[in-house]
Amino acid sequence: MPIFGRKKDKEYQEAAKLLAEDRPKEAAEMLRSYLEKHPKDINGMVTLAVALIHGQEEPDRQSPATEDAFALLDRAAELKPKDAVPVFNKAVCFRDLGMLEEALSQFDKALEIEDRLTLAILHKAEINYELERWKEAVELARLALIRDPGIESALSWVPDAMEKAGMLDEDGKVINAPWEDAPPDE
């Protein structure tokens, strides 16, 4: 889930709109032009990086577009090291490329910058589910849901993970859940 930023600049807004409309190549062209005028704009760099990844039919870690995207995200992170947005989006790009361990590492880095970044926690939960790390997936999903109850609809996979982790009995009731004995404020 890319974070596009909110800018008043019309060129940037139009580029972000193109990207949201799934027109990443057009968005990338416009963003390159925008960044020529605003070379240190973090949101412009992040949005262009996302456009470069999404503009590939089959994103590949070795492609020039992917290399450019990661260079932009690294530059944005260097320019604003206390901003989790570039790191979060680098993690999303790794996930889009199927590089799940690298994505987890980047989500951890984003959470070091902003520890309440619910979307990073949600992505980590989903990746752990994909990697069949059932207990970790469930625990992360629980944490994400505590932080943002509005994400419940994104967690349809949790009962399956709980069953596979041995956290449900044959009637579907929760058993052996790590949080059952935890203090209520955890």
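Structure data summary
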read-out: Cβ-Cβ under 9 Å pairs, at least 6 apart or on other chains, the stretch 36-51 side within 20 Å of R23 (Cα to Cα) and assigned by TED's automatic domain parsing to the domain that holds A65, far side among the polar types (S, T, N, Q) and crowded, with 19+ Cβ neighbours inside 10 Å; value: V46/N89; T47/N89; A49/N89; V50/N89
read-out: Residue pairs meeting the criteria (Cβ under 7 Å; at least 6 apart or on separate chains; first farther than 11 Å from H54 by Cα, in the stretch 1-25; second assigned to a loop (DSSP other than H, G, I, E, B) and at pLDDT below 95); value: Q13/K7; A16/F4
read-out: Check on D74, touching a residue at least 12 places away in the same chain (Cβ under 8 Å) and either closer than 22 Å to I113 by Cβ or outside the structural domain of L100 (by TED's automatic domain parsing) (or both); value: yes
read-out: In the stretch 146-176, the residues that are under 15 Å from A125 (Cα atoms) and either touching a strand residue (DSSP E or B) at 6+ places or on another chain (Cβ under 8 Å) or of a type in the set (K, R) (or both); value: R147, P159, M162, K164
read-out: Single residue of W134, W157 found to be among the aromatic types (F, W, Y) and either touching a residue at least 40 places away in the same chain (Cβ under 8 Å) or crowded, with 18+ Cβ neighbours inside 10 Å (or both); value: W134
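The values are calculated or read from the model by the stated rules, or taken from the named source; none is laboratory data. Computed from a predicted structure; not experimentally measured. Virtual Cβ from ideal backbone geometry, glycine too; neighbours counted across all protein chains shown.
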